[in-house]
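Reviewing the structure listed below.
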Amino acid sequence: MSTDEREDLYSNNDEFIERLKEYEDAVNSGQPVFLDANELAEIADYYFTHEREEDAENALQLALSLSPGAIGPLTYRIHEALEKEDIEAAKNYYSQIVETDSPDYVYDWAEILLAQNKHEEAEEYLREEIKKIPLSERQDYIIDIAHIYEQWGYYDLAMKWILGAQKEDTLDFKEIMAHTLFGLGKYKDSEKIFNELLDKDPYSTHYWVALSNSQLLNEDYSSAIESSEFALAINPKDPEALLAKANGLFNLGNYEEALKFYHRLLDAMPDNCIGMLYAGICLVNMNRAQEAIDMLLKAQSMANDSYESLLPDIYHELAFAYCGNHQPDNALKCMDDLEKLGEDKNQLLLIKGHILLSSQRMQEAEIVFRQALESSTDTPGTLLRIVASFMENRLLKAAYELLKKYFQIVPEDTKEGYAYLAMCYYEQKNIEAFLENLKKACELNPTECKTVFCHLLPAEIAPEDYYTYIKDKLV
């Protein structure tokens with residue numbers, strides 16, 4: 001469950017708010033606390049969601065002192081251990097639980113297995129345990145298991161379980177289904193359910209952000225931004241909403257505005273590595289190379305500690321930033337770092353060649369590009385990448401010669417390369433050949449067409465319409 005979800009759960013629960021007041025009144029007055037261990041574990045979780053770690057720890061220690069084997073506080077400790085990837089500590093806490101007949105006892109062990117990537121063992125265990133559950137209670141069990149799988153990213157298993165449940169018109173059921181569909185890449189379907197959830201709870205920032213993310217991945221960027229703005233209207237400082245809006249603006253290529261929202265995210269969460277990375281990418285695209293380098297180096301430092309999965313992206317962007325700052329040797333060092341991380345060697349050779357070409361080290365670039373071609377398992381694709389590099393560096397004659405070789409080896413029904421060839425003919429002032437290839441590019445590969453020609457044409461013109469627009473201008 002996300003922080004926003006937990007906050008919504010607590011803020012909308014009158015009984016919990018009353019218990020929290022009772023607890024805080026007792027603590028502040030030095031009176032005994034008359035709450036059980038599981039209730040205190042909920043209070044600890046509430047404090048944790050509000051970044052009151054010391055208060056959370058005090059509530060948790062009190063819970064464990066009152067009932068050392070209570071499942072609530074021990075489940076909390078188990079989740080803490082799993083977040084730190086300390087499996088042995090999680091198992092140790094699990095062994096202390098005395099409430100072995102609680103459903104959470106089953107769920108805790110399943111999560112310990114999933115944390116070890118033992119999803120097949122977890123599935124076998126859960127299928128055996130469901131046999132022990134009375135039929136009248138199985139619906140809740142199935143939904144809980146689907147939620148656990150969804151939280152751990154096993155979306156196919158989550159869907160398998162939720163389809164085995166009776167369909168409910170409840171927020172919990174719909175939310176698990178929506179998140180599972182999202183995880184399976186069915187963004188339009190998840191968007192539909194998040195809209196249904198918002199019909200019932202229009203002031204949930206969590207649902208607005210989830211809807212925004214579905215729209216973002218469905219490439220409906222304008223709608224994604226609009227949804228994020230609804231979330232920000234409810235809570236202007238919500239980090240997930242700030243990130244959602246920044247991402248929408250970023251995907252529209254509005255790097256200047258996106259950067260503002262990444263900075264607002266970093267104001268709220270200074271250690272947010274994703275915010276640092278994308279702020280750095282915005283700065284690269286805005287040709288503010290030194291600022292990009294400074295931001296990406298911060299991201300690299302943070303990733304080394306906690307976000308190692310982001311390191312490849314950070315090194316890639318650092319290489320481009322160094323390249324833009326006329327520091328090719330530092331850019332090449334990033335390629336060495338990527339190779340140590342196990343990144344594809346052929347792709348790294350292509351980027352190395354581009355870096356060398358950008359710094360006018362032609363002979364070295366040619367050697368590296370030749371190595372890339374020799375090691376490639378996709379010669380046409382590699383040739384086209386080299387062509388793109390030549391064209392970006394305004395070496396159109398060399399690009400044209402490579403394109404002739406490219407079209408000799410690709411099948412006649414290829415959809416790639418025509419936009420690059422059209423640009424070469426445009427530079428040669430061969431208007432007939434230019435229009436012929438531009439037409440093919442617009443029909444067969446609008447994405448490539450946009451990459452090559454977007455800087456020459458108004459932003460409101462769709463790439464499918466480039467040919468018609470340019471032909472009308474030329475005639």
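The table that follows gives values for the structure above.
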{"read-out": "Residue among 435, 402 that is part of a helix (DSSP H, G or I) and under 16 Å from residue 466 (Cβ atoms)", "value": "435"}
{"read-out": "Qualifying residue in the range 439-451 (condition: among the hydroxyl-bearing types (Ser, Thr, Tyr), surrounded by fewer than 21 Cβ atoms within 10 Å (Cβ to Cβ), assigned to a helix (DSSP H, G or I) and free of Cβ contacts under 8 Å to residues at least 24 places away in the same chain)", "value": "yes"}
{"read-out": "Subset tally (residues that are surrounded by fewer than 19 Cβ atoms within 10 Å (Cβ to Cβ), in contact (Cβ under 8 Å) with a residue 24 or more places away in the chain and part of a helix (DSSP H, G or I)) for the range 280-301", "value": "3"}
{"read-out": "Wholly within the range 139-231, helices (runs of 4 or more DSSP H) carrying at least 1 residues that are charged (D, E, K, R) and over 16 Å from the mean Cα position of the chain (by Cα)", "value": "155-162, 171-183, 187-200"}
{"read-out": "Sole exception among (1) surrounded by fewer than 23 Cβ atoms within 10 Å (Cβ to Cβ); (2) in contact (Cβ under 8 Å) with a residue 12 or more places away in the chain; (3) closer than 30 Å to residue 471 by Cα for residue 386, by number", "value": "(1)"}
{"read-out": "Counted residues, the range 98-123 - those being among the β-branched types (Val, Ile, Thr) and in a helix (DSSP H, G or I)", "value": "2"}
{"read-out": "Search result, residues across the range 270-279 that are surrounded by 18 or more Cβ atoms within 10 Å (Cβ to Cβ) and assigned to a loop (DSSP other than H, G, I, E, B)", "value": "272"}
{"read-out": "Residue in the range 232-241 that is without any contact (Cβ under 8 Å) to a residue 60 or more places away in the chain, of a type outside the set (A, V, I, L, M), closer than 27 Å to residue 266 by Cβ and in a helix (DSSP H, G or I) present", "value": "yes"}
{"read-out": "Residues satisfying the stated conditions in the range 451-471, i.e. among the polar types (S, T, N, Q) and more than 31 Å from the chain's Cα centre (by Cα)", "value": "468"}
{"read-out": "Residue match in the range 309-319 (condition: under 20 Å from residue 369 (Cα atoms), out of contact with any strand residue (DSSP E or B) (no Cβ under 8 Å at 6 or more places or on another chain), buried (at least 22 other Cβ atoms within 10 Å of the Cβ) and of a type in the set (Phe, Trp, Tyr))", "value": "no"}
{"read-out": "From the options 267, 305, 336, residue that is charged (D, E, K, R), in a helix (DSSP H, G or I), free of Cβ contacts under 8 Å to residues at least 60 places away in the same chain and within 30 Å of residue 374 (Cβ to Cβ)", "value": "336"}
{"read-out": "Counted residues, the range 213-251 - those being surrounded by fewer than 17 Cβ atoms within 10 Å (Cβ to Cβ) and among the acidic types (Asp, Glu)", "value": "3"}
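Where a number appears in this text, it was derived from the coordinates with a stated rule and is not lab data. These numbers come from a predicted model, not from an experiment. Cβ: placed from backbone, ideal geometry, glycine included. Neighbour counts: every protein chain shown.
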